[in-house]
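Heads up, the thing below is written out as structure tokens.
The values are calculated or read from the model by the stated rules, or taken from the named source; none is laboratory data. No experiment lies behind these values; they were computed from the predicted model shown. All Cβ positions, glycine included, derive from the backbone under ideal geometry; neighbour counts span all protein chains shown. We work out accessible area using only protein heavy atoms, side chains counted, and drop any ligands, DNA or RNA first. Shrake-Rupley method; radii C 1.70, N 1.55, O 1.52, S 1.80 Å.
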Amino acid sequence: MSDALRAPRIGPRLLRAIAAVFTLSLVAYILIPVLVTLAMSFSGAAQLRFPIRSWSLGWYAEFAASPQWTGALINSLIIATGTAVMSSVAGVAAAYAYTRYTLRFSTLLYVLLMLPLFMPGIVLGLGVALTFSRFSIGGYSLLGSHLLVMIAHSLWAMPLVFLLMEAVFRMIDRRVIEAAQDLGCPPLRTFFEIEVPMISTGLISSLLFAFVISLNEFVMVLFLTDRDTQTLPVLMWLGLRSAATPQIAVASVVISLSVFACLSLIMVWYVRQLRKITR
Amino acid sequence: MPQTALDLDHICRNYGPVVAVDDVSLTVAKGEFVTLLGPSGAGKTSTLRLIGGFESIDSGAIGLNGGRVDHLPPYLRDTATIFQSGALFPHKTVAENVAFGLRMRRIAKADIAVRVAEALAVVRLQGLEDRYPDQLSGGQKQRVALARSMAVRPAILLFDEPLSALDLSLRLQLRSEIKRLHDEIGFSAIYVTHDQGEAMAMSDRVAVMRSGKIEQTDCPETVFNAAANEFIHTFVGETCCLTFRIEGGRGVDPATGTLDLHLAQPLPDGAYRLYLRPSQPSLGQAAQAMPNRVIARLGFVAFLGEKYRHHLMAGPCEIVGDQPGALTAESGADALIGWDSSAMRIFQ
Amino acid sequence: MTGPKRSRLAPWLLLTPAQILAVVFFGVPALYMARMSVNAHAPQSYFTPGFTFENYARLTHDPVIAGAIWNTIWLALIGSAVTIVLAYGFALIVWLKPARWRLWFIGLALLPLLISEIAIIFGWWMVFPRNGLLSVALMSSGLITDKISLTYTEGAALVGQVYITLPYCFFILLSVFDGLDRRVLEAALDLSAPPLTTLYEVLLPQTRAGLLAAFAQAFIWTMGTYATPMALGPDTLWTLGFLIQAQMLGKHHWPMAAALSMVLVVGVALVVLLTRWLQLQQRSFHV
């Protein structure tokens, strides 16, 4: 005789229904602010109010015509590009050294390089602002410069690049590198002809991730930029604190589109690599 | 023209306290195929990597075609390694992979094309020039690796267990193919393996390694039939062991006390181990005629296709004997094992 | 291979840019901030060099600051707890759903991660007011008769904060689930364990370390925030982050801002160490 089995109190059908409701709510939760912003950016009204009665591209035109907004966008792009280059160079070189050589104090080094990633942006921003506020290079004040913001953003972006590239370098079969040298290829040429193509996807991803992080960041920039160098998120924040108009929604869409453009670039690159291999 | 392709002169390499390669000396003549055979951790691959220049030697000298190369980085040494993983360049096509070494040697474009085609023809991969490594099977990858290394016509080819990642039938097929290529082209090679069958089948000479040292270098037949020591004898080929004692000049099986031994020279008293290969013992009636005999209990019989394998227990020792027909005795019954004096090896 | 001297130097040369970043632009500012936190402050200047623990004493004496510390911890605790529950459920569902759904869900979860925090805040900011989406939607559906405003409530701050931490926790937990054998679940159900018992006795124990890591991640992230509670929460919901930027940008009281940052750093360090300790504890208990 087998033991009698009791039917569970919560039947599978009820469970499935709960899961479906939960999933739908979560999807709605994630999509609401995105869709609201997108809709509002096409509003023809002067204020942020629902329901939206007139639709227009007016706020986009205004964005394009305003030197303040376009200037902020350009600042954002300059800083993000600088951050991407700076953190990728530092992170890739460090990851290469970390994976290819046996180093003394390697654990300590790892902790040192990773530590900034754990720090809240406000702490990093404050620290850099306090320390370098009175520095100037040849009459060029460091505080408020693009350079200092790039450096501050690299504090977050570099450890991420390092993490990513460390994994990438570890995945490479060392024998392939040795095979190249064995066949007569000097080390530097091996790096550029054999290794770079093998890590290209990782490299592109590093650059673009760093770019996206910098583009979106807005706590450090609040401390480190001035009127001339303020980025799009700063301008949005200031707008939100004073007179909010659908203009901010347009800025939100613009900045998000830049991010998605980066993401699509990674995707396109990745698919191209895949196709090249598996055709 | 020097007659030696490779000359290892007392080379050593330590990794901290571990002695990976311990005073290894070996010469490979032009066109010779030498195998480094040994269990894992014996220092075979380490030796190969020292020759290729991926690691540097602590002491000794490495000569290639008569010139010293141990101070040179890998890209200046005229060696070519076939790695276990193949180590093909994943972003290059088959043809580009094979052409790579030739480009590094600054050979004219037209000549490269000819030699790539030639190398791919030799390993029977025509038509796959434009494939990427990901689109190849394991066996094809190793053929490309082989073509890539042979195309540069190095002073010596270094094989680092190139077949051990492949399945059995493919391994046998490629083994004979490498053998055929060696016979046709006559390249010099060092082949690292832990598979003694591979070593026997392909080599002109076999060097057996253990704990960083070469213990014997001889032609395959000598290594198999006249191993220099007990380790080599047990490592090369199947063998079973019978432990016994000599007391008062007579052989005594400790378990049954019924060991008949006819020794060419008497052995001093003490404990010994006697080794027989599965093909050597005669079983049952046929054993009566043999000079050396022991009574054992029949365990079980396994059918192996062309022969029956008998597992017998002589006291605590398991003896394996192959015969074309199965013994009729039942499991558990006593059976006589007999053998020729020339068949056995005894070690103290 | 090219001489022992160069090969010993090469890795450190390669590491130099990263080390300069970490030492000069993180290590030095951290030390400078620690030093700054014990400077005195005079109304006219940013700080006056000195050595005083006055700023730290204010942490407990000043009710505004003490309140902000409690607010920060409270918000981080509640926010992380809500995030964890949602992320766990979401990750579990994604893990159990057929693979063809997976990419869509992952793309969805990436969305909050890819959108700037400020854009997220702004999005929610348009949902809660009297003329916002929520109020209008409820009105038109007939659920309420008068417009309502939920902006500047603690609930609104929580909604915004959870939105930001959700993807991090989701991806941590999804990777934990992916490490599990789904057949364990089938085995439990096959042995007639009811779904809730299975969750409690089979899934939770196996994912405890991941839960801990996800919770710590959400907690640290929320602790350092200030924009979301400031923009969406009530005026009384002052957090440490808010005070830091107020002291720095508003009152130009650098030593106080530095002291508050030090508190935040210590808080993060404590959470990291506590998580690590709990994980080690568990491992020695389980294995």
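At a glance:
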quantity: Cβ-Cβ under 7 Å pairs, at least 6 apart or on other chains, the stretch B:148-167 side at positive phi, far side surrounded by fewer than 21 Cβ atoms within 10 Å (Cβ to Cβ); calculated: B:GLU161/B:GLN84
quantity: Boolean, A:ILE194 is touching a residue at least 24 places away in the same chain (Cβ under 8 Å), over 16 Å from the mean Cα position of the chain (by Cα) and open to solvent by less than 50 Å² (accessible area, probe 1.4 Å); calculated: no
quantity: Only one of C:VAL268, C:VAL272 that is open to solvent by less than 10 Å² (accessible area, probe 1.4 Å), under 20 Å from A:LEU117 (Cβ atoms) and part of a helix (DSSP H, G or I); calculated: C:VAL268
quantity: Residue under evaluation B:ASP195, criteria (1) away from chain A (no Cβ under 14 Å); (2) closer than 25 Å to B:THR239 by Cα; (3) open to solvent by less than 20 Å² (accessible area, probe 1.4 Å), criterion not met; calculated: (3)
quantity: The stretch C:206-238, subset within 10 Å of chain A (Cβ to nearest Cβ) and more than 13 Å from the chain's Cα centre (by Cα), residue nearest to C:SER149 (Cα to Cα); calculated: C:ALA231
quantity: All positions within the stretch C:26-59 that are open to solvent by less than 30 Å² (accessible area, probe 1.4 Å) and part of a helix (DSSP H, G or I); calculated: C:PHE26, C:GLY27, C:PRO29, C:MET33, C:MET36, C:ASN55, C:LEU59
quantity: Positions within the stretch A:10-64 being modelled with pLDDT under 85, facing chain C (nearest Cβ under 7 Å) and over 18 Å from A:GLY239 (Cβ atoms), in sequence order; calculated: A:ILE10, A:LEU15, A:PHE50, A:PRO51
quantity: Residue that is touching a strand residue (DSSP E or B) at 6+ places or on another chain (Cβ under 8 Å) and either open to solvent by less than 20 Å² (accessible area, probe 1.4 Å) or within 22 Å of B:VAL236 (Cβ to Cβ) (or both), where the choices are B:GLN323, B:GLN280; calculated: B:GLN280
quantity: Members of the stretch A:195-244 found to be more than 10 Å from every other protein chain (Cβ to nearest Cβ), within 18 Å of A:LEU126 (Cα to Cα), part of a helix (DSSP H, G or I) and not hydrophobic (A, V, I, L, M, F, W, C), listed by number; calculated: A:SER214
quantity: Residue, nearest to B:PHE83 (Cα to Cα), within the stretch A:164-174, restricted to residues that are at pLDDT 90 or above and either buried (at least 17 other Cβ atoms within 10 Å of the Cβ) or within 9 Å of chain B (Cβ to nearest Cβ) (or both); calculated: A:PHE169
quantity: Unique residue being open to solvent by less than 10 Å² (accessible area, probe 1.4 Å) and under 19 Å from C:ALA81 (Cα atoms) when the list is C:ALA214, C:ALA258, C:ALA231; calculated: C:ALA214
quantity: Residues of the stretch B:326-348 that turn out to be of a type in the set (Gly, Ala, Ser) and crowded, with 19+ Cβ neighbours inside 10 Å, as a count; calculated: 2
quantity: Candidates B:ARG175, B:ARG171, B:ARG245, B:ARG180 - the one that is under 28 Å from B:PRO281 (Cβ atoms) and not in a loop (DSSP other than H, G, I, E, B); calculated: B:ARG245
quantity: Any chance C:LEU260 is within 10 Å of chain A (Cβ to nearest Cβ) and over 20 Å from C:ALA119 (Cα atoms); calculated: yes
quantity: Strands (runs of 3 or more DSSP E) contained entirely in the stretch B:1-116, each with at least 1 residues that are open to solvent by 60 Å² or more (accessible area, probe 1.4 Å), among the hydroxyl-bearing types (Ser, Thr, Tyr) and free of Cβ contacts under 8 Å to residues at least 12 places away in the same chain; calculated: B:4-15
quantity: Selection status of C:ALA109, facing chain A (nearest Cβ under 9 Å), among the aliphatic types (A, V, I, L, M) and buried (at least 16 other Cβ atoms within 10 Å of the Cβ); calculated: yes
quantity: Condition broken by A:THR99, with the remaining ones in (1) within 9 Å of chain C (Cβ to nearest Cβ); (2) within 27 Å of the chain's Cα centre (by Cα); (3) among the hydroxyl-bearing types (Ser, Thr, Tyr) satisfied; calculated: (1)
quantity: Filter result for the condition that a residue is assigned by TED's automatic domain parsing to the domain that holds B:ALA99, among the charged types (D, E, K, R) and without any contact (Cβ under 8 Å) to a residue 12 or more places away in the chain, over B:ARG180, B:ARG175; calculated: B:ARG180
